[in-house]
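K.L.:
Pasting a structure below so you can have a look.
The values are calculated or read from the model by the stated rules, or taken from the named source; none is laboratory data. Since the model is a prediction, treat every value here as computed from it, not as a measurement. No Cβ is skipped: glycine too gets one built from the backbone with ideal geometry, and neighbour counts run over all protein chains shown. Just the protein is used for accessible areas: all its heavy atoms, side chains included, with ligands, DNA and RNA removed. Shrake-Rupley method; radii C 1.70, N 1.55, O 1.52, S 1.80 Å.
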Amino acid sequence: MPKRLLHIALLCVLAIPMLGAGAPSSRFDAIGHKLMCVCGCGQVLLECNHVGCPDSDREITELRTEIATGLPDTGVFNWFVAKYGPTVLAAPLRGGFDLVAWIVPFAALLLGIGIVVFLIRIWRRRAPRSGPPAPPSSVDDALRDRIRQETTY
């Protein structure tokens with residue numbers, strides 16, 4: 001029993017330094033999944049499975065180099081945007097003019113809903129109020145009789 005407790009304690013002591021072992025690769029993964037491959041395949045950089053892709057290996061190497069320089073995430077994104085243009089971003093950054101790309105779709109949706117509600121209210125006001133049905137006139141009855149006679153065999 002004491003030997004088993006010693007093994008568990010040793011395992012816990014050895015596991016504690018390993019807790020931070022995944023941090024650099026997780027930052028690499030997080031940034032790499034927010035960038036697009038520039039070969040034209042339309043896939044996320046780290047997921048590009050384009051056979052013989054001429055760009056993904058170079059981009060991944062550049063990503064590792066930029067992360068190694070100690071730039072913050074936004075600095076890495078700005079470096080890639082400066083080199084490849086804004087299409088390298090999987091989603092626009094939140095800030096500056098890119099904020100418009102986040103706001104406009106929701107604003108357009110709300111504006112469209114508002115216009116539809118406004119038009120429905122106008123159309124309801126214009127619709128004639130339905131009252132009791134008008135009594136059938138003798139002209140209507142005569143016309144119905146004539147239609148019946150002409151359509152029967």
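K.L.:
What are the residues in the range 76-99 that are open to solvent by less than 70 Å² (accessible area, probe 1.4 Å) and hydrophobic (A, V, I, L, M, F, W, C), if any? Spell out how you get there, then give the answer.
P.N.:
Residues of the range 76-99 that are open to solvent by less than 70 Å² (accessible area, probe 1.4 Å), as a first pass: 76-77, 80-81, 84-85, 88-93, 95-96, 98.
Across the range 76-99, the qualifying residues are 76, 77, 80, 81, 88, 89, 90, 91, 93.
K.L.:
Sort out which residues of the range 31-54 are more than 17 Å from residue 92 (Cβ to Cβ) and not in a loop (DSSP other than H, G, I, E, B), and write them in order of number. Walk me through how you get there before you give the answer.
P.N.:
Taking the range 31-54 first, the residues more than 17 Å from residue 92 (Cβ to Cβ) are 32, 37, 39-41, 43, 46-54.
Result: 32, 46, 47.
K.L.:
Suppose the filter is at pLDDT 90 or above, within 20 Å of residue 92 (Cα to Cα) and in contact with a Gly (Cβ under 8 Å, 6 or more places away or on another chain); does residue 63 pass it?
P.N.:
For residue 63, the condition - at pLDDT 90 or above, within 20 Å of residue 92 (Cα to Cα) and in contact with a Gly (Cβ under 8 Å, 6 or more places away or on another chain) - is met.
K.L.:
Sticking with this structure for a sec: Does the range 85-97 include one or more residues that are among the basic types (Lys, Arg) and modelled with pLDDT of 90 or more?
P.N.:
Restricting attention to the range 85-97, the residues satisfying the condition of being among the basic types (Lys, Arg) are 94.
If we keep only those that are modelled with pLDDT of 90 or more too, we end up with none.
No, that holds for no residue.
K.L.:
Test residue 102 against the stated conditions and say whether it is in a helix (DSSP H, G or I) and open to solvent by 90 Å² or more (accessible area, probe 1.4 Å). So that I can check it myself, show each step before the final result.
P.N.:
Working: in a helix (DSSP H, G or I): yes; open to solvent by 90 Å² or more (accessible area, probe 1.4 Å): no.
No: the conditions fail for residue 102.
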